[in-house]
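Here the structure is laid out as structure tokens; the discussion comes afterwards.
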Amino acid sequence: MPELPEMETYKRLLADKIKGQAITNVEINREKSINVPSSLFIQEVKNTSIVAVERRAKHLILKLSSGKSLVLHLMLGGWLYFGNDVDSPGRTKQIILTVPNGNLYFIGLRLGYLHLLNDKELNEAFTKLGPEPLEASFTLQSFQQLTNSRRGLLKTTLVNQSFIAGIGNCYSDEICFDAGLLPTRKMNELAEVEKTKLYYGIISALNRGINQGGYMDDPFFQGDTLTGNYQTLVYDREGEPCLRCKSKIFLEMISSKKTFYCPNCQQ
């Protein structure tokens, strides 16, 4: 499932392609992927312009000139592609938005969605989300305050969207590796110096993911050389040598989630 770095990569690339563009056509091939009838969705979206592309947690937000927004959550298996009928992937497209310089294809939205929301609905959709970990307001002090009342395992706490927004299965493991902490440790048992390491692990792992284009393999457009360049340090590397100490990476199930770590480097 795409996490904060993958959606931030999409946001930046997408803004270059469609910001300021008018939506000249809308095609809905799966009504379950939207939240209103297709006819109303098309009526509300067609001929509006995309005035901004934003991200909140694992969501992308396309702000429309009408004052409403399109909110995308790709969930498991979803991805975006910008191109045309010649170079687009040979996959079923649930939704297609056409702008003057190409088509934006929404693919694999079996669980994901593209919802049309007004400002009130948009605010309500995000009320339970925690802070954005890469914003200036997310300081070491604010993080320490967040952790004061937390008693759960690092793994389950980090993926809790009401704690911090945007971290999922992959980057929670990468964060713990950066911090040198086992994902099975409990938040309330960490020393202050360990909480500091965890804070900087969050910043480091997420920024590294963004700078390397995230871990999703599928390109966003033809000739895309950024998307999918992220090389995980521990995630999905069971049995492989640790990049620090050469010990074998372990796999453990925590709350039904695959969790990867180095038993030697992480304490």
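Given R₀ = 30 Å, FRET efficiency for A22-D218 by Cβ-Cβ distance, to 0.05?
Numbers: r = 27 Å, r/R0 = 0.89.
Here the calculated transfer efficiency is 0.65.
In µm²/s, what is D for region 140-261 at 37 °C and 0.692 mPa s, where D = kT/(6 pi eta Rh) by Stokes-Einstein and Rh is the Kirkwood radius from Cα pairs? The partial results should precede the final answer.
On the way: Rh = 15.0 Å.
Roughly 218 µm²/s, to the nearest whole number.
How large are Rg and Dmax for region 4-127 when only the alpha carbon atoms are used, in Å?
13.1, 41
Give me the log10 of I(q) over I(0) for the chain at q = 0.12, 0.14 Å⁻¹, as the Debye formula computes it from C-alpha points; what are the numbers?
After summing over all Cα pairs, the log10 values are -0.76, -0.98.
Leaving out ligands, DNA and RNA, what percent of the accessible area of the chain is carbon and sulfur, probe 1.4 Å?
Numbers: 5730 of 12130 Å².
In the chain, the share of accessible area belonging to carbon and sulfur is 47 percent.
Tally Lys/Arg at +1 and Asp/Glu at -1 over every other residue whose Cβ is under 14 Å from the Cβ of N188; what's the total? Could you put the intermediate results ahead of the total?
Values: positive: R150, R151, R185, K186, K195; negative: E189, E192, E194.
That sum, taken over residues with Cβ under 14 Å, equals +2.
Along each principal axis of its Cα atoms, how long is region 11-77 end to end? Whole angstroms, biggest number first, please.
Extents along the principal axes, in whole Å: 30, 29, 18.
How would K58, K248 line up by accessible area, probe 1.4 Å, largest first? List each step's numbers first, then the result.
Working: K58 25, K248 135 Å².
My answer, sorted largest first, is K248, K58.
Using DSSP to define loop residues, name the GluC sites (Glu not before Pro) in region 105-150 whose beta-carbon has at most 11 other beta-carbon atoms within 10 Å. Mind dumping the intermediate values first?
Details: sites: E121, E124, E135; in loops: E135.
Here the sparse-neighbourhood loop sites are E135.
Counting helices only, and only those DSSP H runs with n ≥ 4, report the 222 nm mean residue ellipticity of the chain as the sum of -39,500 (n - 2.57) divided by its residues, in deg cm²/dmol to the nearest 500.
Details: 7 runs with 74 residues, N = 267.
Helix-only estimate at 222 nm: -8500 deg cm²/dmol.
Please compute the per residue accessible area over the chain with all protein chains in place, 1.4 Å probe, rounded to a whole number of Å².
Working: 12130 Å² over 267 residues.
Solvent-accessible surface per residue comes out at 45 Å².
The values are calculated or read from the model by the stated rules, or taken from the named source; none is laboratory data. This is a predicted model, so every value here is computed, not measured. Virtual Cβ from ideal backbone geometry, glycine too; neighbours counted across all protein chains shown. For accessibility, only protein heavy atoms count, side chains too; no ligands or nucleic acids. Shrake-Rupley method; radii C 1.70, N 1.55, O 1.52, S 1.80 Å.
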